[in-house]
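The values are calculated or read from the model by the stated rules, or taken from the named source; none is laboratory data. All figures in this text were calculated on a predicted structure; none of them were measured in a lab. FYI the Cβ positions are ideal-geometry reconstructions off the backbone, even for glycines, and counts take in every protein chain you see.
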Amino acid sequence: MANYTKTHSFNIVLNSLQVSDSSSGNNNDCTYEFNWTNIAQGKYEMNFSYKGQNNADFVANDSPQLFLSIGAVPSTYQASNAYGSVVSNYIGGLHAETHAANQVAFYANEQDNCKVYFENLPTSGPIRLQVFRQDFITPFTTITGGVELADYVVVLHFKQIGKLDGYNI
């Protein structure tokens, strides 16, 4: 397999049907193996897009929230009643798209959520995507019937914005 050699901007595709053997088996908590050694170290901004299949059991107050763990510290902080502010793996929320016959799929475009910044990328380790309810604690299920998130594809878009030595590209 050929490697892309200009890694200043790249995408990582996460497909819930192609998870790691160590994954939970639940679409709300998926682990993906990824070889980071082909990616140049540096500072990166990251945003994402998401497209899910039909979630048949949906009500208007379902609110899936995504958390991404890649083994690097993100630039996101979360206010906390116990700790003041903590580094968070939160990357954004999903919108509901209604189809015919009240069918709904969740989605997010690259512009729908804030960008997340990383001072560096990991050199090894998996990618973990978790989906919680709006409380950021409870794994996502639809409110009426406890159905987990339907199958999905997420594209993580990384753009290098600086080198580790502090000089911009």
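Reported count of residues in segment 22-53, each being of a type outside the set (Phe, Trp, Tyr) and either in contact with a helix residue (DSSP H, G or I) (Cβ under 6 Å, 6 or more places away or on another chain) or under 18 Å from Val153 (Cα atoms) (or both), is 16.
Given the residues Tyr167, Tyr152, Tyr117, which is the only one that is among the aromatic types (Phe, Trp, Tyr), modelled with pLDDT of 90 or more and either over 18 Å from Gln65 (Cβ atoms) or surrounded by fewer than 18 Cβ atoms within 10 Å (Cβ to Cβ) (or both)? Give the derivation first.
On the way: Tyr167 fails: modelled with pLDDT of 90 or more; Tyr152 fails: either over 18 Å from Gln65 (Cβ atoms) or surrounded by fewer than 18 Cβ atoms within 10 Å (Cβ to Cβ) (or both).
Going through Tyr167, Tyr152, Tyr117 in turn, just one is among the aromatic types (Phe, Trp, Tyr), modelled with pLDDT of 90 or more and either over 18 Å from Gln65 (Cβ atoms) or surrounded by fewer than 18 Cβ atoms within 10 Å (Cβ to Cβ) (or both): Tyr117.
Within segment 42-57, is even one residue touching a residue at least 12 places away in the same chain (Cβ under 8 Å), in contact with a Pro (Cβ under 6 Å, 6 or more places away or on another chain), closer than 20 Å to Thr123 by Cα and among the small types (Gly, Ala, Ser)? Looking through segment 42-57, none of the residues is touching a residue at least 12 places away in the same chain (Cβ under 8 Å), in contact with a Pro (Cβ under 6 Å, 6 or more places away or on another chain), closer than 20 Å to Thr123 by Cα and among the small types (Gly, Ala, Ser). Filtering segment 120-135 to residues that are under 27 Å from Gly25 (Cβ atoms), exposed (fewer than 13 other Cβ atoms within 10 Å of the Cβ) and not charged (D, E, K, R) leaves only Ser124.
Take the conditions touching a strand residue (DSSP E or B) at 6+ places or on another chain (Cβ under 9 Å) and assigned to a loop (DSSP other than H, G, I, E, B) and apply them to Gly71. Does it pass? In short, yes. Considering Ala100, Ala108, the condition of being of a type in the set (A, V, I, L, M, F, W, C), at pLDDT 85 or above, farther than 14 Å from Asn27 by Cα and out of contact with any helix residue (DSSP H, G or I) (no Cβ under 8 Å at 6 or more places or on another chain) is satisfied by Ala108 alone.
What are the residues in segment 112-124 that are in contact with a Ser or Thr (Cβ under 9 Å, 6 or more places away or on another chain) and in a loop (DSSP other than H, G, I, E, B), if any? So that I can check it myself, show each step before the final result.
To start, the set of residues in segment 112-124 that are in contact with a Ser or Thr (Cβ under 9 Å, 6 or more places away or on another chain) comprises 112, 114-119, 123-124.
Matches in segment 112-124: Asp112, Cys114, Lys115, Glu119, Thr123, Ser124.
Set side by side, the residues Ala82, Ala96, Ala105 differ, and just one is of a type outside the set (Ser, Thr, Tyr), more than 26 Å from Tyr44 (Cα to Cα) and not in a strand (DSSP E or B), which is Ala82.
So that you can scan it fast, the table gives a plain yes or no per residue for (1) touching a residue at least 12 places away in the same chain (Cβ under 8 Å); (2) within 22 Å of Gln41 (Cα to Cα):
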{"residue": "Glu110", "(1), (2)": "yes, no"}
{"residue": "Lys115", "(1), (2)": "yes, yes"}
{"residue": "Ser124", "(1), (2)": "yes, yes"}
{"residue": "Gln134", "(1), (2)": "yes, no"}
{"residue": "Thr138", "(1), (2)": "no, no"}
{"residue": "Glu148", "(1), (2)": "yes, no"}
{"residue": "Asp151", "(1), (2)": "yes, no"}
